[in-house]
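Okay, structure first, notes after.
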Amino acid sequence: MLLRSADNQRTVPIVAGTLNDALTELTARFPDTKRLLLDNAGRLRQAHRVMLNGELLLRPHSALPLAEDDRVEFFTAIAGG
């Protein structure tokens, strides 16, 4: 669903100084991503995992600074039985 909400674009170039700035830009470009990624308080939903440059962030903070060449990835955690 997340991929479809971003018009099936796997990569979206964004210039942002923090994780929050990146989320703001992403959700502005692709409004459907907002309801999938963020809860009613505007925080990243716990159902998503965030990776920064290939490393899993256990507790991503919205003020996390980003460098120009950083790569942020969002994955939806899937549970099943």
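Checking residue 11 against (1) in a loop (DSSP other than H, G, I, E, B); (2) surrounded by 14 or more Cβ atoms within 10 Å (Cβ to Cβ), which test does it fail?
It is condition (2) that residue 11 fails.
Would you mention how many residues in segment 14-43 are in contact (Cβ under 8 Å) with a residue 24 or more places away in the chain, within 11 Å of the chain's Cα centre (by Cα) and in a strand (DSSP E or B)?
Adding up the residues that qualify gives 0.
Out of 41, 77, which single residue is surrounded by fewer than 16 Cβ atoms within 10 Å (Cβ to Cβ), touching a strand residue (DSSP E or B) at 6+ places or on another chain (Cβ under 9 Å) and farther than 15 Å from residue 14 by Cβ?
Selected residue: 77, the only one of 41, 77 that is surrounded by fewer than 16 Cβ atoms within 10 Å (Cβ to Cβ), touching a strand residue (DSSP E or B) at 6+ places or on another chain (Cβ under 9 Å) and farther than 15 Å from residue 14 by Cβ.
Just give me the residues in segment 20-40 being within 19 Å of residue 63 (Cβ to Cβ), among the β-branched types (Val, Ile, Thr) and in contact with a helix residue (DSSP H, G or I) (Cβ under 7 Å, 6 or more places away or on another chain), in sequence order.
Once the filter is applied, which keeps residues that are within 19 Å of residue 63 (Cβ to Cβ), among the β-branched types (Val, Ile, Thr) and in contact with a helix residue (DSSP H, G or I) (Cβ under 7 Å, 6 or more places away or on another chain), segment 20-40 yields only 27.
Report the residue count in segment 44-58 for those that are touching a strand residue (DSSP E or B) at 6+ places or on another chain (Cβ under 9 Å), more than 20 Å from residue 11 (Cβ to Cβ) and not aliphatic (A, V, I, L, M).
1
Each value in this text was obtained by applying a stated rule to the coordinates, not by laboratory testing. Given the structure is predicted, the values throughout are model-derived calculations rather than measurements. Virtual Cβ from ideal backbone geometry, glycine too; neighbours counted across all protein chains shown.
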